[in-house]
Amino acid sequence: MVIDLKQAILNDDRDSFVMICNERYLTNLEIRRRIPKDWDSVDILSKVHQWREHHKVPTPLLNQGGKPFFFCSTQHILKAQSVMDRYGYDTLFENIPSKAIEKIEKDNLLEEAFFSSQIEGAKTTRRRAEEMIRHNSLPRDRSERETLNNYRAMEYILSNPDKKISIETITDLHRIVTDNALDDGKPGEFRTPEHDTVVGDALRIYYVPPTPEKIEGFLEYLIQWLHPKDITISDASSLHPLSVASILHFYFVYIHPFPDGNGRTARALYYLYLNKFYNAMPFLSISHVIGQKRKAYDQAILNVEETRTDLTFFIHYSCDITTEAIDNLRFAIQRYATASHLEDLVGKRSLELNKRQMSIIKYLLRPDISHVDVKKYQKLQKIVYETARTDLQELEKKGFLVSRKIGKKFIYQLKEESHD
């Protein structure tokens, strides 16, 4: 079975090449760069677009030229939807104490608030964000205000699980996320003719959003799609919530209704919509992942813009960041289960461990540490190599660590407690 483009090229398998281009949903430019010189690039691209045309799912949402947006339901999207349906609920927390659940939720809400402001260029620290949110410390500057505002928006979302998206909801969220933190305009007020808004950078303009007088019309059409009053309109209820939330996120940014704060409001709306379907949403930090993949976020939006109507590029990206956020949550739960298990073991068998060994267990419980080898442990503890090796081997024998060989050296990891 062909599993990648290189193998398809080596086998001169053009049908598989087309299939993989569509499954990965490459852009025209990305496809052209990969087509061998002795292949007919026009024919390959034609087959790619024939497949997309045949598999497209239209939406009633229109671009500024009056053409409907669409997307293709790829295996990549279907897999992400399956992950969401499996792990998007609080059943993940079975057998986890309520105090641990509360801590994980607080940590993730803090992370979401912090990273959502970081995406927009806020300059503050996670420690400072924690001081404001958990100890009611007042913000000292605009960056800190943005972080606190994002947290207040998450509180609003969690306090209104049945809230429908409306013009009022949108303006309320914008007021919350931009309170005393705007470059231009007023909180909750749409763009006016004096706001000459374009989306781009110093080198080029990528996109010019709808003119101010068209903003409410575009928003009303989006709201009608989400919560239809007219049964003649194809509505969002026939689509998977993850696809709908992704389209909502993109289309809101496309409308760009406010002079500033559109990204923060769009992410809040994404949460608000998905929170109706998945009660694990408060435990996911989407903005943390977006912050790590910001260039890909901008590129996904640009890819839709360049095709004018194909939303698949952004839905693929949205699926990626959401499933990664779920993976991060599952890892946090796994770490808790492991920490709890190890604390129990240490409590029962502390007399069997020396201070160095207890120290390395705590070190490996850190979320940013995955393993340690003998030389690293030797350096951390300032001991000779033989002592370091003996310590780690003993921890493995006693059930605290597991070892595996990578190249010529052994690494040691915590023995994880299974929790799926």
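The values are calculated or read from the model by the stated rules, or taken from the named source; none is laboratory data. All figures in this text were calculated on a predicted structure; none of them were measured in a lab. Methodologically, a virtual Cβ is constructed for each residue, glycine included, from the backbone with ideal geometry; neighbour enumeration extends over all protein chains shown.
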| task | Within the stretch 314-325, identify whether any single residue is among the hydroxyl-bearing types (Ser, Thr, Tyr), surrounded by fewer than 20 Cβ atoms within 10 Å (Cβ to Cβ) and over 30 Å from Ser98 (Cβ atoms), and answer yes or no. | result | no
| query | Pairs under 8 Å by beta carbon, first residue assigned to a loop (DSSP other than H, G, I, E, B) in the stretch 115-126, partner among the small types (Gly, Ala, Ser), six or more apart or different chains? | reply | Glu120/Gly263; Ala122/Ser143; Lys123/Ser143; Thr124/Ser117; Thr124/Ser143
| remark: Of (1) of a type in the set (D, E, K, R); (2) over 29 Å from the mean Cα position of the chain (by Cα); (3) closer than 25 Å to Tyr317 by Cβ, Lys67 satisfies every one except (2)
| query | Looking at the stretch 83-139, which of the residues that are within 23 Å of Asn262 (Cβ to Cβ) and among the acidic types (Asp, Glu) is surrounded by the fewest Cβ atoms within 10 Å (Cβ to Cβ)? | reply | Glu120
| message | Condition first: of a type in the set (S, T, N, Q) and buried (at least 17 other Cβ atoms within 10 Å of the Cβ). Can you find one or more residues in the stretch 219-239 that meet it? | response | no
| note | When the stretch 232-261 is checked residue by residue, the ones that are at pLDDT 95 or above and either of a type in the set (Gly, Ala, Ser) or over 24 Å from Leu302 (Cα atoms) (or both) are Ser243, Ala245, Ser246
| said: within 20 Å of the chain's Cα centre (by Cα) and among the β-branched types (Val, Ile, Thr): is that true of Ile77 in this structure? | reply: yes
| request: Please work out which one of (1) under 31 Å from the mean Cα position of the chain (by Cα); (2) in a helix (DSSP H, G or I) is the condition Leu26 fails and give its number. | output: (2)
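Out of Lys405, Lys376, which single residue is in a helix (DSSP H, G or I) and more than 18 Å from Asp107 (Cβ to Cβ)?
Working: Lys405 fails: in a helix (DSSP H, G or I).
Result: Lys376 is the single residue among Lys405, Lys376 that is in a helix (DSSP H, G or I) and more than 18 Å from Asp107 (Cβ to Cβ).
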| query | Which of (1) touching a residue at least 24 places away in the same chain (Cβ under 8 Å); (2) out of contact with any Phe, Trp or Tyr (no Cβ under 6 Å at 6 or more places or on another chain); (3) more than 21 Å from Phe331 (Cβ to Cβ) does Leu392 not meet, given it meets every other one? | reply | (2)
